[in-house]
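The values are calculated or read from the model by the stated rules, or taken from the named source; none is laboratory data. Note that the coordinates shown come from a computational prediction; the quantities given were computed from them, not determined experimentally. Ideal geometry is used to build each Cβ from the backbone, glycine not excepted, and the neighbour counts take in all protein chains shown. Surface accessibility is based on the protein's heavy atoms, side chains included, excluding ligands, DNA and RNA. Shrake-Rupley method; radii C 1.70, N 1.55, O 1.52, S 1.80 Å.
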Amino acid sequence: MTYVADEIASQPESWRRAAAHPDLSLLPRPRQRVAVVGCGTSWFMAMAYAALREAAGHGETDAFAASEFPRSRTYDRVVAITRSGTTTEVLALNPDTVILGDESSPAAGAPNVIALPWADEKSVVQTRFATSALALLRASLGENLTKAIADAQVALTTELPAFAEIEEVTFLGRGWTVGLAHEAALKCREAAVFWAESYPAMDYRHGPISVARPGRLVWMFGEPPAGLADEVAATGATFVTDDRDPMVQLVTAQRVAVARAALLGVNPDTPQHLSRSVVLSG
Ligand code: F1P
């Protein structure tokens, strides 16, 4: 068993704890104008939350890679998602609110800290912390995650689709699931050195569909746009989707990444060229 496999398996219980977090009141209030920032996986969770918060009518919410934050803009609140609490670009923004894994890190000095120490991970690649942060954020918007948590438990042991012959995967999303699609593709690249792309589903038609062909997979998180399944099928690529909660679909994608790593003889706990936290010097 790898660390990452253990962490994937502990997600349902971690989501349950996150959804009942006592510090949800530290998050921005409705109508506040909010920027949510992070790096890598944490940025993709920020994207998902921003889309959900705005769609729920809680106010304008933008997501940025911390390195690309537009400093000329004014926000009521800047929320950072960071597992390590040491990522250089995140700390440079002095966020007022931090959703944090490691409570002993510099980010714990922010004015509002929502800590999920139980969701912190040994792995370099993130699974449990990221999805638990998103579970917390979804709960803060009033979502009931009971069914998603039960379905995630089932998803941990469901037989995986036979992807051994697949040479490439493209993940697609719409609205808040665009961030999940980016995260699923990153998991394949990080954990398995397995090439995967990701796009907003409607934009997939505007170019990326050109590389669809037999032996390649197109995997939609959430409800597909009308006609897309047929358009992909016509290319010979395999179109995959289901009606489970998209965070549950992500659990399956995480397991596929780990299974793919095993198939390729790659250790998902030691991704090449990547460290647990990217700390820049100078
Ligand atoms: C985020 C990050 C990711 C990277 C890897 C390690 O750090 O550096 O960018 O993909 O998973 O973590 P953090 O700010 O959430 O600790």
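Numbers at a glance
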quantity: Fraction of the pair-distance distribution of the chain above 36 Å, Cα-Cα pairs, percent; calculated: 11 percent
quantity: Full-extension gain in nm, Ala55 to Ser210, via 0.36 nm per residue minus C-alpha separation; calculated: 52.7 nm
quantity: Two-site label geometry, Asn144 and Leu264: point separation in nm, points 7 Å out along Cα→Cβ; calculated: 4.1 nm
quantity: Cα lying deepest toward the dipole's positive end in the chain, options Pro161, Gln272, Val90, charges on Cβ; calculated: Val90
quantity: Relative contact order of the chain, defined on C-alpha pairs under 8 angstrom at six or more residues apart (%); calculated: 21 percent
quantity: Sites excluded, GluC sites (Glu not before Pro) in DSSP loops with at most 16 other C-beta within 10 Å, longest stretch of the chain; calculated: 168-282
quantity: Shape parameters for the stretch 143-259, alpha-carbon atoms, Rg then Dmax in Å; calculated: 13.5, 39
quantity: Förster radius 35 Å - calculated FRET efficiency between Ala226 and Val278, Cβ distance, rounded to 0.05; calculated: 0.30
quantity: Whole-angstrom gap from the stretch 207-282 to the stretch 89-168, using each part's C-alpha centre; calculated: 18 Å
quantity: Additional length obtainable on full extension of the chain from Glu68 to Asn94, 0.36 nm per residue less Cα span; calculated: 7.9 nm
quantity: Largest to smallest principal axis extent of the C-alpha atoms in the stretch 1-84, angstrom; calculated: 47, 28, 20
quantity: Protein accessible area in the stretch 1-78, 1.4 Å probe - carbon and sulfur %; calculated: 49 percent
quantity: Cβ-defined net charge surrounding Met202, 14 Å radius [Lys, Arg +1; Asp, Glu -1]; calculated: -1
quantity: Cβ-Cβ FRET estimate between Thr86 and Arg29, R0 fixed at 35 Å, reported to 0.05; calculated: 0.75
quantity: Residue-normalised accessible area of the stretch 83-231, given per residue in Å² at a 1.4 Å probe; calculated: 39 Å²
quantity: The stretch 33-157: C-alpha gyration tensor shape, a/c 1.5 cut-off, then a/b vs b/c; calculated: oblate
quantity: Gain in span if fully extended, Ala164 to Ala233, counting 0.36 nm per residue against the direct Cα distance; calculated: 22.9 nm
quantity: Length-normalised contact order of the stretch 103-185 in % [C-alpha pairs under 8 Å, at least 6 apart]; calculated: 13 percent
quantity: Of all accessible heavy-atom area on the stretch 185-271, the percent that carbon and sulfur account for (1.4 Å); calculated: 56 percent
quantity: Over the stretch 165-282, relative contact order from alpha-carbon pairs under 8 Å, at least 6 apart, %; calculated: 30 percent
